[in-house]
Amino acid sequence: MTLGFGVVGTGAIGREHIDRITNKLSGGKIVAVTDVNQESAKQTVEHYKLDAVIYPDDKTLIADENVDVVLVTSWGPAHEATVVAAVEAGKYVFCEKPLATTAEGCIRIVEAEMKQGKKLVQVGFMRRYDSGYVQLKEAIDKGEIGQPLMIRAVHRNPEVGENYTTDMAVVDTLIHEIDALHWLVNDDYKSVQVVFPRKTKYSHDKLQDPQLFTIETNGGIVMNVEVFVNCKYGYDIQCEVIGEDGVAYLPEFPSVVTRKQGKLSSGILMDWKYRFMDAYDVEIQDFIDSIVKKGEPQGPNSWDGYIAAVTSDACVKAQNTGQKEAIKLLERPAFYSENSVMETV
Ligand code: NAP
């Protein structure tokens, strides 16, 4: 069985997903595309030599009976309307983050999905498919370090543009840790506080950089997450989970070690895209395979999208108040109780 994908948004990540579905993965085919910029949609179809219909908008694309899956890669504020329409039409959805830009928007998606009586939506939190994170989670789940007590995590980028503002450190950057960390320890968030250290000279007026987030879970785990987006030296993701019986580390991204001219050295990536390239492939392949084999996706679901939205709102509030802010989630519906347990990765 081959799933027909309809792509809404043919920008950077939309094209990357089109490329992997068309040229690397199995079980999926791009049958339709749309973009508010119709020229971009046309160029994409030509560039990837797709046998796909170009639609004027998401509604007409969703109505195409050959579209089994709607791949939402438009800009964030447009996601909710497309996802709700696709779910109401009974289509599967792979939505890049954010699921919606507000918690209320996520709940509207949750309600639409529950009405359909089965899970249709997966959110593009690809870290759960990174082999390092998978190994880290396995070590925690097997009890190798005992009960997790603390997490230290780091998210550093070499630099960002002038249009990157303080809140984007949450909604564009920390958002990946927000999803990955609660999944790693099977716990929900309770509160967050933000501290701003001395600002780097490489930042600008509208960006406080670096930032330190202290996030507490209901189970009492304290997570310290550093976001530093003008660190200059490279793209660096670190995660260390400190438990009662030991410490587990996210493996370093593999890189050849050289001994030369009195130095022992290895490279550090400069571009975030390469760090999780394999994870994107595994993520979309798993999405396809679980729909084909089990009739529903098994990755991060709409409830995870909701958790991310509520938590990022609280983080932005904490940036502004300097106080500890509560992260108040609604009670998880039984519909989402199995919460993205992945068997095949
Ligand atoms: P992008 O290059 O700006 O592409 C977005 C495309 O969608 C643009 O062509 C845009 O057209 C189009 N668009 C906007 N509103 C639309 C609508 N209502 N219907 C159809 N097309 C619409 O952005 P991107 O970097 O690909 O990011 C897209 C989404 O993926 C964002 O939500 C981003 O956060 C997410 N993302 C996730 C990851 C990840 O690591 N998981 C990585 C990158 C991006 P115009 O340019 O004409 O507005």
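Please report, ordered by residue number, the strands (runs of 3 or more DSSP E) entirely within the range 171-234 with at least 3 residues that are more than 16 Å from the ligand (Cβ to nearest atom) and more than 20 Å from ALA309 (Cβ to Cβ).
Filter on the range 171-234 gives 222-228.
Select from the range 1-17 the residues that are of a type in the set (Gly, Ala, Ser) and in contact with a strand residue (DSSP E or B) (Cβ under 6 Å, 6 or more places away or on another chain) and write down the one among them that is nearest to the ligand (Cβ to nearest atom).
GLY14
State the number of residues belonging to the range 145-196 that are acidic (Asp, Glu) and crowded, with 20+ Cβ neighbours inside 10 Å.
Going through the range 145-196 one residue at a time, the tally reaches 2.
Within the range 1-60, how many residues turn out to be among the basic types (Lys, Arg) and touching a helix residue (DSSP H, G or I) at 6+ places or on another chain (Cβ under 7 Å)?
4
Mind checking which residues of the range 18-54 are within 11 Å of the ligand (Cβ to nearest atom), surrounded by 22 or more Cβ atoms within 10 Å (Cβ to Cβ) and closer than 21 Å to ALA85 by Cα?
VAL33, THR34, ASP35, ALA41
Has the range 80-88 got at least one residue that is assigned to a loop (DSSP other than H, G, I, E, B), of a type outside the set (S, T, N, Q) and more than 10 Å from the ligand (Cβ to nearest atom)?
No, the conditions are met nowhere in the range 80-88.
Tell me which of these GLU88 doesn't satisfy, since it passes every other one: (1) out of contact with any His (no Cβ under 8 Å at 6 or more places or on another chain); (2) touching a residue at least 40 places away in the same chain (Cβ under 8 Å).
Just one mismatch for GLU88, condition (2).
Can you pull out every residue in the range 55-69 that is of a type in the set (A, V, I, L, M, F, W, C) and away from the ligand (no atom under 11 Å from the Cβ)?
Passing the criteria: ILE62, ALA63, VAL67, VAL69.
Determine whether LYS317 is in contact with a strand residue (DSSP E or B) (Cβ under 8 Å, 6 or more places away or on another chain), basic (Lys, Arg) and in contact (Cβ under 8 Å) with a residue 24 or more places away in the chain.
Taking the combined requirement at face value, the residue does not satisfy it.
Would you pick out the residues in the range 155-213 that are closer than 24 Å to ALA326 by Cα and charged (D, E, K, R)?
Listed by number, the residues that qualify are ASP167, ASP172, GLU177, ASP179, ASP187, ASP188, LYS190, ASP209.
For (1) free of Cβ contacts under 8 Å to residues at least 40 places away in the same chain; (2) in a helix (DSSP H, G or I), each residue gets a yes or a no:
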| residue | (1), (2) |
| --- | --- |
| MET1 | no, no |
| GLY6 | no, no |
| THR10 | no, no |
| HIS17 | no, yes |
| ILE21 | no, yes |
| GLN43 | yes, yes |
| GLU46 | yes, yes |
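I'm trying to understand the selection: among the residues of the range 89-102, which are in a loop (DSSP other than H, G, I, E, B), more than 21 Å from VAL170 (Cβ to Cβ) and either among the basic types (Lys, Arg) or within 12 Å of the ligand (Cβ to nearest atom) (or both)?
LYS91
Assess whether SER74 counts as being at pLDDT 95 or above and either within 23 Å of SER302 (Cα to Cα) or within 16 Å of the ligand (Cβ to nearest atom) (or both).
yes
The values are calculated or read from the model by the stated rules, or taken from the named source; none is laboratory data. Quick caveat, the model's predicted, so the values are computed rather than measured. Here Cβ is always computed from backbone atoms with ideal geometry, including for glycine, and neighbour counts include all displayed protein chains.
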